[in-house]
Amino acid sequence: MRPRKTKARKLTKSEQMARVRSQGTAPELTLRRALWHQGLRYRLTPKLPGTPDLCFFSERIAIFVDGCFWHGCPQHYSAPAHNAEFWANKVARNIARDKQADAVLEAEGWTVVRIWEHQLESDLAGIVTRIEALLKAKTPNVDRYHLPSGTVKSK
Ligand SMILES: [Zn+2]
């Protein structure tokens, strides 16, 4: 657990770069390990819209772990001084893509959960508890199970 004082300040350049490098690896694994440890058996879902980091198919819950840099966390994102416009545009596109993916998933009956990378650092247990509560609140319904988008055969 990190000291509380580091939670809500802008990251230094090297911290920002460390987070950029960790994109696609550490934060998602942290959550996966915690869920698995709690007995919650997620699935990986590369073919769903927006490619959630994991999901629960029967309950139709899709979970994304959003990197504070790439997804423009209001607490931690600050544009790098070098190529600031490029990064601002890139992050803006990512945010727009996130919103679009959420809309598509929700239209297909999914509940979308987005978790900031920094929340995993500060409140992993709380996040696992909230996901578990969400799972319990949803009645599994096998009739609604279907394969990821793109592999569904329409009648
Ligand atoms: Zn953040």
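Classify segment 88-135 as rounded, prolate or oblate, taking a ≥ b ≥ c as the square roots of the eigenvalues of its Cα gyration tensor: rounded when a/c is under 1.5, otherwise prolate if a/b is larger than b/c and oblate if not. It comes out oblate by the Cα gyration axes. Here the peptides 52-60, 124-132 are ranked by packing, the mean other Cβ count within 10 Å, and the order with the highest first is 52-60, 124-132.
Amide H contacts of residue 64 (H built 1.01 Å from N, in plane; Pro and chain starts excluded): 53, 113, 114, 115 sit under 5 Å, all sequence-distant by 5 or more or on other chains. Over segment 8-138, the ratio between the Cα radius of gyration and 2.2 N^0.38 Å evaluates to 1.08.
Coordinate-derived values only; no laboratory data. These figures come from a predicted structure and were not determined experimentally. Cβ sites come from the backbone with ideal geometry, for glycine too, and all protein chains shown count toward neighbours.
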